[in-house]
Amino acid sequence: MIRRLLKLSNPRQLASRRQRPLRQPPLPLDQRVHAITLRSAALGIRKRFYLYTPPHYTATQHPLPTLYLFRGHEQEWINPQQDSQRNNRTVVDVYEELLRAGAVGPMILVFPGISSADNGVPGLLVNFKQPEVQPKPGVGRGRFQDYFLHELVPYVDAHYRTDPGRRGTDGFSLGGFMATKIAAQYPALFRTAGAYDGLFFWDDPTDGATIAATDLTFANPIFDPAFGAGPDRDRRYAAANNALNLVRRAEPALLRKVTWLIEYGPESGEPHDSNFYRGHRLCKLLASKGVHNQGRGELASGSHSWWWADEHMRHVLPLHWQALSAQR
């Protein structure tokens with residue numbers, strides 16, 4: 001289960017910083033996106049992410065909504081060879097098809113790099129407890145939440161025509177962990193939050209402020225840098241960064257500020273090809289707070305694959321657009 005479902009392949013304070021020249025990413029990545037490198041004070045290293053602007057972006061003068069798409073490595077959403085079933089297509093193809101059909105409007109898509117360079121250590125959008133446990137290129141000080149909130153997002157807002165009041169998140173697998181975690185933590189910053197087959201840690205049934213001791217996935221060594229190794233693993237710190245615990249303890253009114261678009265594979269795919277039980281748990285917790293999941297929930301034919309992650313985006317991109325373009 002762990003090996004299959006953890007397939008990781010394996011504010012404006014920065015406005016004055018000079019933007020580095022945009023470079024076309026090397027093949028096989030989608031050539032419609034730009035590679036951008038930031039010198040991160042939070043991480044203490046240079047960190048790369050990718051960004052897509054819609055057709056005719058240079059001609060528009062209006063601020064656009066921004067959707068942040070998470071996985072592990074920043075290249076996965078835009079690599080047409082990430083999954084053989086993708087047929088040499090990426091999420092940009094999905095978006096542009098919907099744009100031509102009038103199902104969505106102009107949006108900026110951002111693909112943050114929240115992992116080690118080899119994608120072996122997931123960043124999880126948290127500030128690492130022990131970044132030295134598995135030192136790898138691309139981790140640095142391991143302060144990935146600070147990097148994202150205080151450097152990457154402000155950089156995008158400072159250098160592109162964005163509307164800070166119209167941000168959304170979505171993600172696949174551990175990307176779903178990040179997308180829902182950050183929206184549940186900061187509902188004032190993100191108007192939408194989606195996930196496909198998200199990998200969430202089980203909240204303790206008797207104490208919503210910790211992770212269940214029975215969750216064997218949480219014991220995987222790849223999470224040592226984020227939450228501590230061995231007896232030093234901090235279950236309460238993990239719970240403070242885990243969507244299930246965050247939703248369970250949140251004020252309902254805050255959760256209702258976010259449009260939730262949660263989808264996951266079928267129960268029949270457990271335990272090797274679906275995160276059904278974890279996704280179902282998140283939807284149940286949202287419902288207990290009076291929050292309606294506007295995603296489809298269980299996808300009876302779904303699987304833990306990039307083809308289905310793209311299909312998730314085909315369905316939810318118009319819903320992101322509707323929520324992000326609505327007046328408040």
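Quick notes
- Residues located in the range 59-108, provided they are small (Gly, Ala, Ser) and under 24 Å from Lys181 (Cβ atoms): Gly72
- Exclusive hit being in contact with a Leu (Cβ under 7 Å, 6 or more places away or on another chain) and over 25 Å from Pro80 (Cα atoms), set Leu285, Leu246, Leu319, Leu261: Leu285
- Helices (runs of 4 or more DSSP H) within the range 91-187 that include 2 or more residues β-branched (Val, Ile, Thr): 91-100, 153-159, 174-185
Every residue, every condition in (1) touching a Lys or Arg at 6+ places or on another chain (Cβ under 6 Å); (2) over 16 Å from Met107 (Cα atoms); (3) not small (Gly, Ala, Ser), yes or no:
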site	(1), (2), (3)
Val156	no, no, yes
Tyr160	no, no, yes
Pro164	no, no, yes
Ile182	no, yes, yes
Ala188	no, yes, no
Ala193	no, no, no
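- Single unsatisfied condition, Ala179 versus (1) surrounded by fewer than 24 Cβ atoms within 10 Å (Cβ to Cβ); (2) at pLDDT 95 or above: (1)
- On inspection, Tyr68 fails the criterion of being over 27 Å from Thr217 (Cβ atoms), surrounded by 20 or more Cβ atoms within 10 Å (Cβ to Cβ), at pLDDT 95 or above and of a type in the set (Phe, Trp, Tyr).
- Under the condition of being out of contact with any Leu (no Cβ under 9 Å at 6 or more places or on another chain) and either under 18 Å from His280 (Cβ atoms) or not in a loop (DSSP other than H, G, I, E, B) (or both), the residues counted in the range 195-210 number 2.
- Residue, farthest from Ser173 (Cα to Cα), within the range 267-284, restricted to residues that are under 21 Å from the mean Cα position of the chain (by Cα) and in a loop (DSSP other than H, G, I, E, B): Asp273
- Of the residues Ile36, Ile78, the single one that is farther than 23 Å from Leu189 by Cα, out of contact with any Gly (no Cβ under 6 Å at 6 or more places or on another chain), crowded, with 18+ Cβ neighbours inside 10 Å and β-branched (Val, Ile, Thr) is Ile78.
- Tyr277 vs. criteria in contact with a Phe, Trp or Tyr (Cβ under 7 Å, 6 or more places away or on another chain) and of a type in the set (Ser, Thr, Tyr): no
- Condition check for Ala287: of a type in the set (A, V, I, L, M) and over 16 Å from Phe200 (Cβ atoms): no
- Count - residues of the range 285-319 that are crowded, with 22+ Cβ neighbours inside 10 Å, farther than 29 Å from Lys257 by Cβ and either charged (D, E, K, R) or over 18 Å from the mean Cα position of the chain (by Cα) (or both): 0
- Cβ pairs under 6 Å, 6+ apart, first in the range 234-252 and in a loop (DSSP other than H, G, I, E, B), second charged (D, E, K, R): Asp234/Lys129; Asn241/Lys181
- Test: His73 is modelled with pLDDT of 75 or more and crowded, with 20+ Cβ neighbours inside 10 Å: yes
- Some residue of the range 170-179 being over 26 Å from Asp93 (Cβ atoms), among the aliphatic types (A, V, I, L, M) and within 16 Å of the chain's Cα centre (by Cα): no
- Residues located in the range 215-232, provided they are in a loop (DSSP other than H, G, I, E, B) and closer than 13 Å to Val126 by Cβ: Gly228
Conditions (1) crowded, with 20+ Cβ neighbours inside 10 Å; (2) closer than 17 Å to Gly171 by Cα; (3) among the aromatic types (Phe, Trp, Tyr), marked per residue:
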residue: Pro187; (1), (2), (3): no, yes, no
residue: Asp203; (1), (2), (3): yes, no, no
residue: Thr214; (1), (2), (3): no, no, no
residue: Ala219; (1), (2), (3): no, no, no
residue: Tyr237; (1), (2), (3): no, no, yes
residue: Ala243; (1), (2), (3): yes, yes, no
residue: Arg249; (1), (2), (3): no, no, no
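- Where Phe190 falls short, out of the listed (1) farther than 27 Å from Pro55 by Cβ; (2) assigned to a loop (DSSP other than H, G, I, E, B); (3) not polar (S, T, N, Q): (1)
- Output for the range 37-90, where each listed residue is under 26 Å from His312 (Cβ atoms) and β-branched (Val, Ile, Thr): Thr53, Thr66, Ile78, Thr90
The values are calculated or read from the model by the stated rules, or taken from the named source; none is laboratory data. Not measured: the values here are computed from a predicted model. Positions of Cβ are backbone-derived with ideal geometry, glycine not excepted, and every protein chain shown enters the neighbour counts.
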